[in-house]
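The values are calculated or read from the model by the stated rules, or taken from the named source; none is laboratory data. Source: prediction; values computed, not measured. Cβ coordinates were reconstructed from backbone atoms using ideal geometry, including for glycine residues, and neighbour counts include every protein chain displayed. Heavy atoms of the whole protein, side chains included, go into the accessibility calculation; ligands, DNA and RNA do not. Shrake-Rupley method; radii C 1.70, N 1.55, O 1.52, S 1.80 Å.
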Amino acid sequence: MTTFQRLMTIRKERGAGYLVLIDPDKNEKDKLAAFVREATRAGVDGFLVGGSLLLTDEFESHLQTIKGNTTVPVLIFPGSLFQVSSIADALLFLVLISGRNPDHLIGNQVIAAPIVKKTGLETISTGYMLIEAGNMTSAEFMSNTKPLPRNKPDIALAHALAAELIGMKILYLDAGSGAEASVPDETIRTISSHCPLPLIVGGGIRTPQEARRKAEAGASFVVTGTVTERDDLGSLVEEFATAIHSVSTVHRRS
Ligand code: 1GP
């Protein structure tokens, strides 16, 4: 079974899945193995690994540690061309469709494609959309793109439909790591009711209740990074997992 199929099975069986973002710059290496084991035990459905700007050169060894301590899928969520490794189960092959920066629409993909093909790494074509967060996030600054306005779900929907028609497999709606305000529920609801692509939603989600609202609105996967970075015991991760998994499949598209 491919990693994409595993994700779709989680979505179908659980209603919504829970992904934890590990930014190698922010998660302390000596605590990483224990954190990954605890998070897996607590019910996380997968790990995303990456960051808009990496200051460490330990991307691969972080991946190795994560892979060695979990059974759930480990996906690269690349912030740059340097974040490619066959240690992961799959790579979100991102196209930053909310922006109009040609480097992130096609330039970087052309540079990365031959290397990615050579690694044999599974890729998941992902329409990545940055949504206005109330503050300047690293993703916004580093990508040199303007995020979509948060009070215009129709514009976000048009981007989602374009991704569907182009043939992308999944959408990532991101307010950006450390966002003051997460992606509005209304935007998630609008997209999920008119576009069949699975939705990953993240950025600025701070409480299990907020995560649950994202899943109820139609998120297929909810991501936390910042709030769970220092959760040594996995107790917060467990609360997030329970909240997200408690959203009935009745609320959701199959
Ligand atoms: C960013 O969705 C992720 O791409 C996680 O964001 O760090 O704000 O949880 P946070």
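Filtering segment 217-251 to residues that are closer than 24 Å to Leu92 by Cα and not aliphatic (A, V, I, L, M) leaves Gly218, Ser220, Phe221, Thr224, Gly225, Thr226, Thr228, Glu229, Phe240, His245.
When the residues of segment 147-163 are narrowed to those that are of a type outside the set (A, V, I, L, M) and under 18 Å from the mean Cα position of the chain (by Cα), which ends up farthest from Asn101 (Cα to Cα)? Can you show your working first?
Let us first name the residues in segment 147-163 that are of a type outside the set (A, V, I, L, M), namely 147, 149-154, 159.
Those left that are additionally under 18 Å from the mean Cα position of the chain (by Cα): 147, 159.
Numbers: Pro147: 11, His159: 15 Å.
In this case the residue turns out to be His159.
Just one of the listed residues (Arg230, Arg189) is in contact (Cβ under 8 Å) with a residue 24 or more places away in the chain, among the basic types (Lys, Arg), more than 23 Å from Arg6 (Cα to Cα) and open to solvent by 30 Å² or more (accessible area, probe 1.4 Å), and it is Arg189.
The residue pairs whose first member lies in segment 127-145 and is under 22 Å from Gly167 (Cβ atoms), whose second member is in a strand (DSSP E or B) and not hydrophobic (A, V, I, L, M, F, W, C), and whose beta carbons are closer than 8 Å, counting only pairs six or more residues apart or on different chains, are Gly127/Tyr172; Tyr128/Tyr172; Tyr128/Asp174; Met129/Tyr172; Met129/Asp174; Leu130/Asp174.
Being free of Cβ contacts under 8 Å to residues at least 40 places away in the same chain and open to solvent by less than 60 Å² (accessible area, probe 1.4 Å) narrows it down to one of Val84, Val95, Val110, so name that one. Can you show your working first?
Working: Val95 fails: free of Cβ contacts under 8 Å to residues at least 40 places away in the same chain; Val110 fails: open to solvent by less than 60 Å² (accessible area, probe 1.4 Å).
After applying the criteria, what remains is Val84.
For segment 206-235, a tally of residues being charged (D, E, K, R) and under 17 Å from Pro196 (Cα atoms) returns 2. Note on segment 147-186: among residues that are polar (S, T, N, Q) and open to solvent by 20 Å² or more (accessible area, probe 1.4 Å), the one that is nearest to Ile106 (Cα to Cα) is Ser177.
Restricted to helices (runs of 4 or more DSSP H) entirely inside segment 132-248, those with at least 1 residues that are within 11 Å of the ligand (Cβ to nearest atom) are 138-143, 208-217, 235-245.
Screening segment 1-58 for residues that are among the acidic types (Asp, Glu) and under 21 Å from Gly218 (Cα atoms) and picking the one that is most open to solvent (accessible area, probe 1.4 Å) gives Glu13. Taking the conditions (1) open to solvent by 50 Å² or more (accessible area, probe 1.4 Å); (2) free of Cβ contacts under 8 Å to residues at least 24 places away in the same chain in turn, Ile205 satisfies each one other than (1).
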